[in-house]
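The values are calculated or read from the model by the stated rules, or taken from the named source; none is laboratory data. These numbers come from a predicted model, not from an experiment. Here Cβ is always computed from backbone atoms with ideal geometry, including for glycine, and neighbour counts include all displayed protein chains. Surface areas here come from the heavy atoms of the whole protein model, side chains and all, with no ligands, DNA or RNA. Shrake-Rupley method; radii C 1.70, N 1.55, O 1.52, S 1.80 Å.
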Amino acid sequence: MLRWLAIGVLSAILSLGQGHFLSGSFNLTLYRHMPALYQLDDYDLCLDNKAGTYCLVYVEILPNASSALWHQIDQVSQDSKHRFRHDRVFRGVCLENCKPSINNISEFEKEEILDKELISYYEKVHRRDETNSDRDLFYKDVVKGCLNHKFSEKFSLRTRSLIEYCVSASDKDLKLDLLDLTFYGILVVILFITLCSSFLDYRLRKMSSQKSEGFYREPLKDRRQRLLTSFSVVRNYHRLVEPYNSDFSRDVSFFDGFRVIGVFVVILGHTLMVFMTVPIENPEFYEQFLFRFETSIFQNGSLVIQIFFVMSGFLLYVNFTKRQQIQPKTGTLECIAVYFRVFSYRYFRLLPSLLVLILFNGTLLVRLQNGPFWRHLTEAERVFCRSNWWKNVFFVTNHMLEDSCSHQTWYLGADMQLFELFLIVIIITKKHPKLTRAIYTTLLALAFAVPAVLTYVLELDGIYHIRPETYRYLYFRHSDTFYQMYPPFYTNLGGYLFGFLCGHFYLKQRSGKVELLGHLKYDLAMWLLVLATLGILFSGYIFIRQDFAKPSLWLALYAGIHKILWVLICAGFVVLMCCKVGGVAYDFCTLPAFRPLARISFQSFLWHIVVLRTVAGYFRQPVYISSFYLLCNVLSVFILTQVVAALVAVFLEYPFVEVMRCFIKPEKGPEEVGPEIQMRPAQSAV
């Protein structure tokens, strides 16, 4: 399914390369008469002057009833589903270039920005230079006069403006503070421990009778040795690439393909979204893209995240059931103890990687590059990772996305909350088996009813789809459907529930009670699921193209049904591939090349936005977007993300997981600690 989704999305992007626009709906000549969305003075030349100051400015074009150009701008901007607001533009202004217009400042009335929400947001984000208010007032007056002079001269229009931030040649480098030094110190300590641990592992190998590379693949017998070598680079590398060593891991090796392709689709979608926020020369590329029928694959592709919930639910059910931790005779206190033990183990396995990401975004990220748009892309991460880090640490980002850092971690919050809920469910159903059907039926009803009721009561869209202005300012604006339907755990109940059902089927199939392989009808079912996948994705086109009166019973029914159907399709793929049905698709998803990439998929998910910001943040001038250019950026971001993820996994994730095992798990003999357990990453679908 994910392979076909990736192919479909790439086809949708490449179809834009045909270079034509919708017949009768677009006139490029008239379009180019409008003010550019982005125009940037030379950043490096400006700051090469020791007295130079460069400001990024948000500009609102004032209405002018007598201007034909204004009416064109207003008409285009009214279509918020497909168009950018062309009366809202950004300008990179070198104040040295504004000196000729300083004398004209008094000619223009001072207009206040209407977008109070954006003013409030920028005041929270850009707080580096709060002390010099006189200088800031001077900058505002100069910029307003300069931009009004230019717009009046070229377009016969007036503007009001808001300085997002200014950078001067003397203070463009951010000074180190205590948090910066702390993070650098942590990196040095980790590197030092890694060197010592790797050297000790090398010495142990020399003293061992086994001199080959196989020494690093075998778990050490002594717990103290395992602890001291937990940061060994060579040992952790072998954990990353080692073949599967258990029947269960081999049975679900197709999850590797699901994970890798799923992460690729996520990176693809986020690349398209982030490139809507950077300075682009031809915004009509995106605007015309959103009119096309095949766009619904990209817009409705946010559903792909459900496959990760299905896999997480599957893994929780199978692993918990196989360990038989809860029986009908188990006492209540023991059930509670099991809950906290399982939850705590998972929480503390994920936490170190998340903390390093927060520290990196709050300290080092802003120092990686510079440029006219660099602070626009990274400053919010720096500020909110320092002030609102607790949202990530307590895994509540999905309910508190406003003013949060690392927006992609909403998934971790939703997944953790669903893990907690369904951990309670499986404990109850194992202790009271007769309640299983009633609980599952209730959850299924809620999985349909919650999205449907929320859509009707809150007057939301039938599906969430991104608009050009949705993420243009690096946070989700005017996106009630996104906030209410996408990240909350209670709108994603179906994924875990169907994961549980898939796990139940898998265990029955392993016991020999179910046999699907070799039956033509099940091979046919696999391809019917592919068609159903495309049908669900394309079904959202009408809601993307048209507006409907709200509240609407039909929109509510669609919101409830289409997500359930999608999760049902995901579950169908899992069930069939558990039985090795699927032919070429199954062989593709179980390719050995996917195995190491799947093991670092958690880190890939965490770090891909950092890589994406770095790739997209160096522009000095607006960039011309094409389908091939976007595809190259998707591939480069994917490859760089895998490199970063592998380094973080080997130097951070695997070592801390091994340390936890040494402290939490009881001493075991060599026959009890297999390589599979040693290298298994945190129990998460990502």
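Values computed for the structure shown
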{"quantity": "Acute angle (nearest 10 degrees) that the helix 553-578 long axis makes with the longest principal axis of the chain, alpha-carbon atoms", "calculated": "40"}
{"quantity": "Net length gained if the chain between residue 113 and residue 42 were fully extended (0.36 nm per residue, minus Cα distance)", "calculated": "23.0 nm"}
{"quantity": "Table column - 3J(HN,Hα) (Hz), the stretch 468-476, Karplus curve with 6.51, -1.76, 1.60, x for Gly and Pro", "calculated": "x, 8, 4, 10, 4, 9, 6, 8, 7"}
{"quantity": "Cysteines without a disulfide-compatible neighbour (Cβ-Cβ under 4.7 Å), the chain", "calculated": "196, 335, 502, 570, 578, 579, 589, 632, 662"}
{"quantity": "Computed lengthening from residue 137 to residue 490, 0.36 nm per intervening residue step minus Cα-Cα distance", "calculated": "122.4 nm"}
{"quantity": "In degrees, nearest ten, helix 306-323 long axis to first principal axis of the chain (Cα)", "calculated": "20"}
{"quantity": "Cα-based helix-to-principal-axis angle, 520-539 vs the chain, degrees rounded to 10", "calculated": "20"}
{"quantity": "In sequence order, calculated HN-Hα J values of the stretch 218-233 (Karplus, 6.51, -1.76, 1.60; Hz; x Gly/Pro)", "calculated": "8, x, 6, 6, 8, 5, 5, 5, 4, 5, 6, 9, 5, 9, 5, 5"}
{"quantity": "Coil-residue trypsin sites (Lys or Arg not before Pro) of the stretch 182-268, DSSP, other Cβ within 10 Å capped at 13", "calculated": "211, 221"}
{"quantity": "Computed FRET value (nearest 0.05) for residue 402 with residue 521, which takes r as the C-beta separation and R₀ as 56 Å", "calculated": "0.65"}
{"quantity": "Average accessible area per residue (Å²) across the chain - probe 1.4 Å, nucleic acids and ligands excluded", "calculated": "43"}
{"quantity": "Over the chain: helical MRE at 222 nm, DSSP H runs n ≥ 4 each giving -39500 (n - 2.57), nearest 500", "calculated": "-19000 deg cm²/dmol"}
{"quantity": "Two-site label geometry, residue 223 and residue 176: point separation in nm, points 7 Å out along Cα→Cβ", "calculated": "3.9"}
{"quantity": "D_trans [Stokes-Einstein, Kirkwood Rh over alpha-carbon pairs] for the stretch 178-241, 37 °C, 0.692 mPa s, µm² s⁻¹", "calculated": "259"}
{"quantity": "Centre separation in Å (Cα based) which lies between the stretch 214-287 and the stretch 637-651", "calculated": "8"}
{"quantity": "Mean projection area, nm², convex hull over Cα of the stretch 387-440", "calculated": "4.2"}
{"quantity": "Whole-angstrom Cα spans of the stretch 33-168 along principal axes, big to small", "calculated": "43, 32, 28"}
{"quantity": "Solvent-accessible area, 1.4 Å probe, carbon plus sulfur percent, for the stretch 33-168", "calculated": "47"}
{"quantity": "Potential lengthening between residue 593 and residue 196 on full extension [0.36 nm per residue; Cα-Cα distance subtracted]", "calculated": "139.8 nm"}
{"quantity": "Portion, in percent, of the accessible area of the stretch 433-561 that falls on carbon or sulfur, probe 1.4 Å", "calculated": "67"}
{"quantity": "³J(HN,Hα) computed for each position of the stretch 269-286 - Karplus, 6.51 cos²θ - 1.76 cosθ + 1.60, integer Hz, glycine/proline x", "calculated": "x, 5, 5, 4, 6, 5, 6, 7, 9, 8, x, 10, 7, 10, x, 4, 4, 5"}
{"quantity": "Cα centroid of the stretch 402-444 to Cα centroid of the stretch 481-510, whole Å", "calculated": "8"}
